[in-house]
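What follows draws every value from the coordinates through simple rules; no lab data is involved. Owing to the predicted nature of the structure, the values given are computational and were not obtained by experimental measurement. Don't worry about glycine lacking a Cβ; one is built from the backbone with ideal geometry, like all the others, and counts go over all protein chains shown.
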Ligand SMILES: [Zn+2]
């Protein structure tokens, strides 16, 4: 069955199936994420996505251009952020590609700054990867006051050690 409830879409166009992906709560109250149930090989086109195009951002939109955003509440709109992501979301082709080998039952992660000029809301990153930026913004915006305070507090902590 397609993950999208929209009956107008047909199977066989690489749209995600509910036997392949599941939207589920993450541990530690981090919110929902999309898990692959089957796993993927690096370089694989994982799935195509779709959704209504809206003229505003939400926490679950992906930027098509500075004025238009895709609101996909069944698949890419719930991808978690990582500073070392395992997928890339191609907003020209509406395709999701594996950047690494991905084991079954792994959350799909993307870098939000790869698609967004500005985020709906900047946030603290706890992805834990070596390249973690610790505070996530869109690619065209500055770290806000809360972010500067947080990043400075991390610096003070590491200096104190
Ligand atoms: Zn991070």
field: Failed criterion for residue 28 (all others in (1) out of contact with any helix residue (DSSP H, G or I) (no Cβ under 9 Å at 6 or more places or on another chain); (2) part of a loop (DSSP other than H, G, I, E, B); (3) within 16 Å of the ligand (Cβ to nearest atom); (4) without any contact (Cβ under 8 Å) to a residue 40 or more places away in the chain hold)
entry: (2)
query: Conditions: (1) touching a residue at least 24 places away in the same chain (Cβ under 8 Å); (2) closer than 30 Å to residue 19 by Cβ; (3) away from the ligand (no atom under 15 Å from the Cβ). Residue 112 meets all but one. Number of the miss?
result: (3)
task: Working only within region 63-90, note down all residues that are more than 15 Å from residue 34 (Cα to Cα) and either in contact (Cβ under 8 Å) with a residue 40 or more places away in the chain or out of contact with any strand residue (DSSP E or B) (no Cβ under 7 Å at 6 or more places or on another chain) (or both).
output: 63, 65, 66, 67, 83, 84
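State whether the residues of region 88-104 include one that is within 13 Å of the ligand (Cβ to nearest atom), touching a helix residue (DSSP H, G or I) at 6+ places or on another chain (Cβ under 8 Å) and within 28 Å of residue 15 (Cβ to Cβ).
Scanning region 88-104 turns up no residue that is within 13 Å of the ligand (Cβ to nearest atom), touching a helix residue (DSSP H, G or I) at 6+ places or on another chain (Cβ under 8 Å) and within 28 Å of residue 15 (Cβ to Cβ).
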